[in-house]
1. List the equivalent ellipsoid semi-axes of the range 327-465 in whole Å, largest first, each obtained as the square root of 5λ for an eigenvalue λ of the Cα gyration tensor.
2. Ignoring ligands, DNA and RNA, what accessible area per residue does the chain give at 1.4 Å, in Å²?
3. Within the P(r) computed for the range 251-311, what percentage of the Cα pairs occupies the region above 18 Å?
4. Which of rounded, prolate, oblate describes the range 78-149, given a ≥ b ≥ c as roots of the alpha-carbon gyration tensor eigenvalues and a/c under 1.5 marking rounded, otherwise prolate only if a/b is larger than b/c?
5. I'd like the accessible area for ILE343, computed on protein heavy atoms only with a 1.4 Å probe and all protein chains in place. Round to 10 Å², please.
6. Can you give me the Cα centroid spacing of the range 339-364 and the range 254-314 in angstrom?
7. Strictly greater than 19 Å: what percent of every Cα pair in the range 232-365 meets that?
8. Applying a 10 Å radius around every beta-carbon, put 111-122, 75-86 in order of their mean neighbour count, most first.
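The values are calculated or read from the model by the stated rules, or taken from the named source; none is laboratory data. Here the structure is a predicted model, which is why all the values come from computation and not from measurement. Heads up, the Cβs are rebuilt from the backbone with ideal geometry, glycines too, and the neighbour counts pull from every protein chain shown. Heads up: the accessible areas ignore ligands, DNA and RNA and are worked out on the full protein's heavy atoms, side chains in. Shrake-Rupley method; radii C 1.70, N 1.55, O 1.52, S 1.80 Å.
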Amino acid sequence: KEGLRPEGIRWAFRTFHSYNWHPLTWISHMADVSLFGMNPGGHHLAGVFFHGANTILLFLLLAIGTGAIRRSAFVAALFALHPLHVESVAWIAERKDLLSAFFGFGCIALYFLYVKKKGRALYLAALLLYALSLLSKPTLVTLPFLLLLLDFWPLERWGPPPPAVPAGGERKRKKTAAPEGGGSSTGRLLLEKAPFLGLALLSSVMTFLAQYYGGAVRSLDAIPLAVRVENALYSYVVYIWKTVWPLSLAVYYPHPMDLPDWPAMGPQVLHLKAAAAAVFLAVLSFLVFRAAKRRPFLVTGWLWYLLALVPMIGIVQVGSHAVADRYTYIPLVGLFIIAAWGIPDLLGGWRWKRVFLAASGGVVLAALAAVTCLQVSHWKDSESLFRRAVDVVPGSALMEVNLGNVLLRKGAVDEAVAHYEAALAIRPHYGVALYFLGQASVRGGDMEKAAASFRRALAIPEDRE
């Protein structure tokens, strides 16, 4: 809040505040304060700027890598307008998503230019941008593997290397063009990614330390590994469904173990959901790899989606949510690639293909824009945001408490009490809800109820709360 100062910059690199190590994100917030003060409009404007810049960078990197201008533009348009991305842009504290993608997309664009022009300076610049991406948020710790995917398609670097040029034939080759369809040895491709992998490992260690010592990482006693894996499998399918049908979006989705029906039927329900999700993902993966020779874009798009989600999928459980819209900001690019290249491919040589694609693409983008406008409206203020979460995600004790707190600050004591009691109906040993219920009872003059709430809160063992 003091703006961009040398002592603040030093603090940004030393702190694990907010359970993360993202110094560049802190510095960007400091710069915003220096430019706009504490007026949130300016901070939102900066977020919209970065989202627009990310859209342009995504278009450019795909255009550079594939040469397909219209398809690249459609992917960028989906990225710009999809409702799942509202959270990353509308929530000022999610600046880290935008910055991570900004430098990450720039890194990939420079990597494509490096492959095509073989310039060492381009490679080093790409490595620098990757470091800046990780300093913003460790979302792209899987980038070394994503680059290997991009080597497969669209760069077509996998396979045997191009034939040697005969003596005296060097002058006939274009200096700047990459050999079409020419491969590189596996060892060379892996060695090329080693510096990127080193940065990713360093960032992963720093992030784990920040989250572990901050208390954000939930132990295996709290959420067993089997439950995490099952929830992760199901989450992959949930994100696909939200991509296709982006309605009923909310700022918070409680973990299955925090829902009221968990002790009775929750484990069995999660087993069934995870099993169905595993079959669905396995079948889809089989079909994708079966079509790899004829449609290599399917492999890159599908594995991009799977790999880019790995850091956020919940095997290392941070917080109490099951899924989060903001986690899709970069991973959805893979699904958008499948749509942009796959649908025209399915239509083949149909004579009305271009007209159909233009019309249907326009309808899809218009629909996404309309839903995105609606979703943005839920971010007007805290009350509208938490009311939306309570309405569309039943069983969210945290959102009931948050909404109750907003109402209590406004003086709507009775309504606040109703939401605290709703939270306790979901989680009877929720100490936070009991504490605020006591506070609301004090405000309402019911000291007996307040005392009873505080006693219940004090009596809850720490491991049950």
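1. Working through the eigenvalues yields semi-axes of 50, 17, 9 Å.
2. 50
3. Numbers: 1020 of 1830 pairs.
Here the long-distance tail beyond 18 Å is 56 percent of all Cα pairs in the range 251-311.
4. It comes out prolate by the Cα gyration axes.
5. 80
6. Here the answer is 28 Å between Cα centres.
7. 59
8. The most tightly packed comes first, giving 75-86, 111-122.
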